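The values are calculated or read from the model by the stated rules, or taken from the named source; none is laboratory data. Please read these numbers as outputs of a predicted model, since none were measured by experiment. Please note: Cβ atoms are built from the backbone with ideal geometry, for glycine as well, and neighbour counts cover all protein chains shown. The accessibility values were calculated without ligands, DNA or RNA, using every heavy atom of the protein model including side chains. Shrake-Rupley method; radii C 1.70, N 1.55, O 1.52, S 1.80 Å.
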Amino acid sequence: MGEMGLRERKKRQMYQDVSDIAVRLFLERGFDAVSVAEVAAAAGISKPTLFRYFPAKEDLVLHRIADHETEAARVVAGAADPVDALYRNFLAGLERRDPVTGLNDHPAVLAFHTLLYGTPSLVARAYAHVERSEAALAEALGGGLDARLAAGQIIAVQRILAQENWRRIAAGEPVGEVAPDAVGAARRAFRRLADGLPQLRPDH
């Protein structure tokens with residue numbers, strides 16, 4: 001068991017190291033200007049080895065948000081009120097300036113988001129990330145059409161709220177000014193979700 005744990009940790013570290021190297025190169029020179037072979041060489045691994053870890057070039061970037069694919073599903077697991085649990089989780093993310101909420105002005109975070117949202121192939125690849133997030137959340141909500149419809153709405157709300165925060169901060173607005181609006185927008189959005197998804201209420 002300990003050996004498997006060590007192996008898994010080494011594998012995860014490899015993912016992280018290669019992704020970090022790739023993102024650094026992409027930020028320096030542009031996503032399209034850097035080849036997979038150059039990333040592999042910089043990471044000290046072969047191109048076939050890199051593709052065993054990352055099936056597509058875009059995955060080198062999207063690895064940074066891969067952990068969030070099942071976040072919503074984890075939050076609602078066992079929750080009496082799924083929408084309220086997700087709302088509180090989003091507010092907590094805003095409070096700690098989690099980059100996934102868009103409310104973060106660290107230069108490295110802004111640069112990463114600019115790379116992600118400014119590269120068409122990354123935007124397209126990120127759609128698969130959204131689909132997997134929806135699927136995991138739908139499963140946690142019980143499966144079926146109603147669960148899939150609810151999951152689609154919830155993930156869309158979280159994504160749009162985060163993109164609005166990022167858009168304003170990228171345009172130069174201070175985080176301190178955006179934060180109150182971000183909290184208010186989240187409150188309104190999740191209230192509408194609660195009103196529109198009565199099947200998720202505890203008393204339904």
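Search the range 164-193 for residues being in contact (Cβ under 8 Å) with a residue 40 or more places away in the chain and loosely packed, with under 14 Cβ neighbours inside 10 Å, and hand back the single one that is nearest to the chain's Cα centre (by Cα).
Selected residue: ARG187.
Which is farther than 27 Å from SER133 by Cβ and either touching a Lys or Arg at 6+ places or on another chain (Cβ under 9 Å) or open to solvent by less than 80 Å² (accessible area, probe 1.4 Å) (or both), of GLU69, GLU38? Explain how you work it out, then say what you get.
Numbers: GLU69 fails: farther than 27 Å from SER133 by Cβ.
Exactly one residue qualifies, and that residue is GLU38.
Tally the residues that are basic (Lys, Arg) and in contact (Cβ under 8 Å) with a residue 40 or more places away in the chain, restricting the search to the range 75-95.
Applying the first criterion (basic (Lys, Arg)) to the range 75-95 yields 88.
If we keep only those that are in contact (Cβ under 8 Å) with a residue 40 or more places away in the chain too, we end up with none.
Residues in the range 75-95 being basic (Lys, Arg) and in contact (Cβ under 8 Å) with a residue 40 or more places away in the chain: 0 in total.
Give the residues of the range 91-129 that are within 14 Å of GLN163 (Cα to Cα), in a helix (DSSP H, G or I), open to solvent by less than 70 Å² (accessible area, probe 1.4 Å) and polar (S, T, N, Q), sorted by residue number.
THR101
Please determine whether any residue of the range 26-38 is more than 30 Å from ARG187 (Cα to Cα), of a type in the set (A, V, I, L, M) and not in a helix (DSSP H, G or I).
Just the residues of the range 26-38 that are more than 30 Å from ARG187 (Cα to Cα), to begin with: 26-38.
Remaining after also requiring of a type in the set (A, V, I, L, M): 27, 33-34, 36-37.
Adding the requirement that they be not in a helix (DSSP H, G or I) leaves 34.
Yes, some residue in the range 26-38 is more than 30 Å from ARG187 (Cα to Cα), of a type in the set (A, V, I, L, M) and not in a helix (DSSP H, G or I).
Exactly one condition in (1) surrounded by fewer than 17 Cβ atoms within 10 Å (Cβ to Cβ); (2) in contact with a Phe, Trp or Tyr (Cβ under 8 Å, 6 or more places away or on another chain) is false for GLY78; which is it?
Against the list (1) surrounded by fewer than 17 Cβ atoms within 10 Å (Cβ to Cβ); (2) in contact with a Phe, Trp or Tyr (Cβ under 8 Å, 6 or more places away or on another chain), GLY78 comes up short only on (2).
Could you list all residues from the range 130-152 that are without any contact (Cβ under 8 Å) to a residue 12 or more places away in the chain and open to solvent by 60 Å² or more (accessible area, probe 1.4 Å)?
Matches in the range 130-152: GLU131, GLY142, LEU145, LEU149.
One residue is enough: does the range 130-141 have a residue meeting the conditions hydrophobic (A, V, I, L, M, F, W, C) and not in a helix (DSSP H, G or I)?
Taking the range 130-141 first, the residues hydrophobic (A, V, I, L, M, F, W, C) are 130, 135-138, 140-141.
Among the residues that remain, those that are also not in a helix (DSSP H, G or I) are: 141.
Scanning the range 130-141, I find at least one residue that is hydrophobic (A, V, I, L, M, F, W, C) and not in a helix (DSSP H, G or I), so the answer is yes.
Restricting to the range 50-66, count the residues that are free of Cβ contacts under 8 Å to residues at least 24 places away in the same chain and surrounded by fewer than 14 Cβ atoms within 10 Å (Cβ to Cβ).
Within the range 50-66, residues that are free of Cβ contacts under 8 Å to residues at least 24 places away in the same chain and surrounded by fewer than 14 Cβ atoms within 10 Å (Cβ to Cβ) number 2.
What is the one condition in (1) more than 30 Å from ARG168 (Cβ to Cβ); (2) surrounded by 13 or more Cβ atoms within 10 Å (Cβ to Cβ) that GLY5 does not satisfy?
The single condition GLY5 does not satisfy is (2).
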